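Have a look at the structure below before the remarks.
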Amino acid sequence: MTYDPKVIVALDYAEAKDALSFADKVDPRFCNLKVGKELFTAAGPALVEKLVNKDFRVFLDLKFHDIPNTVAKACTAAAKLGVWIVNVHASGGPKMMSAAAEALSFCHNRPKLIAVTVLTSMDDEELKAVGINTTAALQVERLAKLAKECGLDGVVASAREVPIIRTFASRPFLTVTPGIRPAGSEVGDQKRIMTPGEAVRAGSDYLVIGRPITKASDPLEALEKINQEIAVSLS
Ligand SMILES: O=c1ccn([C@@H]2O[C@H](COP(=O)(O)O)[C@@H](O)[C@H]2O)c(=O)[nH]1
């Protein structure tokens, strides 16, 4: 039997030991793992390789955003770690996204390449503050279309925008959605949120979930509850 867990746990820890301790307690059949900027800056590629060697699918969430040559080379370096997904910011533009896609096409065990559209911590007002005078939903649509045209494998967006993305990008184009908050949990800095059940019903492929799991008094129980909610919503 092949397993395709929908949850990607964001290992936003300050030290490798905390990430490894979490990984030692969970089974790769029931969640994927994400290494982001905090953990990668603290623990580096060695930690990523350790998680890959424990048979987890690892999303290396470094959101590259730079000139095309630099991003292409960074993606190639990420591919060498054996990760499952790498990402770039779609707002880096079509030349940058195409350069990244082309560089990865030459890699052995090519990871999936996805583009961040609009951060789930941003709402329409915050977009306006950075000079983008449209709604988050329209900006996501625009950037997701661009990512698809550039040959990327999918996008990061909030689950709220998945139905819009699905109007022009059917599977296997991936929708990876942070901003997931189980009912009653703290929202924190996220703005465009959905519950796990709502996200899968909206058609999200993978749900990125950090604090509602890692900061729970019993992280394993929190993960199990979320997996149950997803299973019920899919049945
Ligand atoms: O638009 C985005 C892109 C990435 N993230 C990352 O996902 C997790 C979410 O963690 P929570 O604790 O569940 O809020 C975090 O690592 C972010 O860097 C995102 O939230 N939004």
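Does V9 qualify as being in contact with a strand residue (DSSP E or B) (Cβ under 9 Å, 6 or more places away or on another chain), more than 22 Å from E229 (Cβ to Cβ), surrounded by 22 or more Cβ atoms within 10 Å (Cβ to Cβ) and aliphatic (A, V, I, L, M)? Spell out the reasoning first.
Working: in contact with a strand residue (DSSP E or B) (Cβ under 9 Å, 6 or more places away or on another chain): yes; more than 22 Å from E229 (Cβ to Cβ): no; surrounded by 22 or more Cβ atoms within 10 Å (Cβ to Cβ): yes; aliphatic (A, V, I, L, M): yes.
Taking the combined requirement at face value, the residue does not satisfy it.
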Count - residues of segment 46-68 that are surrounded by fewer than 16 Cβ atoms within 10 Å (Cβ to Cβ) and farther than 22 Å from A115 by Cβ: 5
Filter result (closer than 17 Å to C150 by Cα and assigned to a helix (DSSP H, G or I)) within segment 77-99: A90, S91, G92, P94, K95, M96, M97, S98, A99
Only residues in segment 91-104 that are farther than 11 Å from N69 by Cα count as the first member; pair them with residues that are charged (D, E, K, R), Cβ under 9 angstrom, at least 6 apart or cross-chain, and list the lot. G92/D66; P94/E149; A101/D153; L104/R110; L104/K112
Could you please find all residues in segment 6-55 being among the aromatic types (F, W, Y) and within 16 Å of the ligand (Cβ to nearest atom)? Y13, F22, F40
Among the residues of segment 108-125, which ones are at pLDDT 95 or above and out of contact with any Leu (no Cβ under 9 Å at 6 or more places or on another chain)? L119, T120, S121, M122, D123, D124, E125
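From V71, V83, which residue is buried (at least 21 other Cβ atoms within 10 Å of the Cβ), modelled with pLDDT of 95 or more and either among the charged types (D, E, K, R) or within 16 Å of the ligand (Cβ to nearest atom) (or both)?
Working: V71 fails: either among the charged types (D, E, K, R) or within 16 Å of the ligand (Cβ to nearest atom) (or both).
On inspection, the qualifying residue turns out to be V83.
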The number of residues in segment 138-157 that are within 14 Å of the ligand (Cβ to nearest atom) and without any contact (Cβ under 8 Å) to a residue 40 or more places away in the chain is 2
Could you tell me which numbered condition R160 fails, if it satisfies all but one of (1) in a loop (DSSP other than H, G, I, E, B); (2) within 16 Å of the ligand (Cβ to nearest atom); (3) of a type outside the set (D, E)? (1)
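Being touching a strand residue (DSSP E or B) at 6+ places or on another chain (Cβ under 9 Å), more than 28 Å from G197 (Cα to Cα), at pLDDT 95 or above and of a type outside the set (A, V, I, L, M, F, W, C): is that true of G154 here?
Working: touching a strand residue (DSSP E or B) at 6+ places or on another chain (Cβ under 9 Å): yes; more than 28 Å from G197 (Cα to Cα): no; at pLDDT 95 or above: yes; of a type outside the set (A, V, I, L, M, F, W, C): yes.
For G154, the condition - touching a strand residue (DSSP E or B) at 6+ places or on another chain (Cβ under 9 Å), more than 28 Å from G197 (Cα to Cα), at pLDDT 95 or above and of a type outside the set (A, V, I, L, M, F, W, C) - is not met.
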Residue under question is A90, and the condition is that it be in contact with a helix residue (DSSP H, G or I) (Cβ under 6 Å, 6 or more places away or on another chain) and either among the polar types (S, T, N, Q) or within 30 Å of V130 (Cβ to Cβ) (or both); does it hold? yes
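Yes/no per residue for (1) small (G, A, S); (2) in a loop (DSSP other than H, G, I, E, B); (3) surrounded by fewer than 23 Cβ atoms within 10 Å (Cβ to Cβ):
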{"residue": "L33", "(1), (2), (3)": "no, no, no"}
{"residue": "A43", "(1), (2), (3)": "yes, no, yes"}
{"residue": "A101", "(1), (2), (3)": "yes, no, yes"}
{"residue": "C107", "(1), (2), (3)": "no, yes, yes"}
Select from segment 109-129 the residues that are within 15 Å of the ligand (Cβ to nearest atom) and part of a loop (DSSP other than H, G, I, E, B) and list them in ascending order. T117, V118, L119, T120, S121, M122, D123
Y206 passes all but one of (1) within 12 Å of the ligand (Cβ to nearest atom); (2) of a type outside the set (G, A, S); (3) closer than 17 Å to V155 by Cβ; (4) surrounded by fewer than 23 Cβ atoms within 10 Å (Cβ to Cβ); which number fails? (4)
Within segment 163-184, the residues that are surrounded by fewer than 24 Cβ atoms within 10 Å (Cβ to Cβ), within 23 Å of R211 (Cβ to Cβ), more than 9 Å from the ligand (Cβ to nearest atom) and free of Cβ contacts under 8 Å to residues at least 40 places away in the same chain are A183, G184
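The values are calculated or read from the model by the stated rules, or taken from the named source; none is laboratory data. These numbers come from a predicted model, not from an experiment. Positions of Cβ are backbone-derived with ideal geometry, glycine not excepted, and every protein chain shown enters the neighbour counts.
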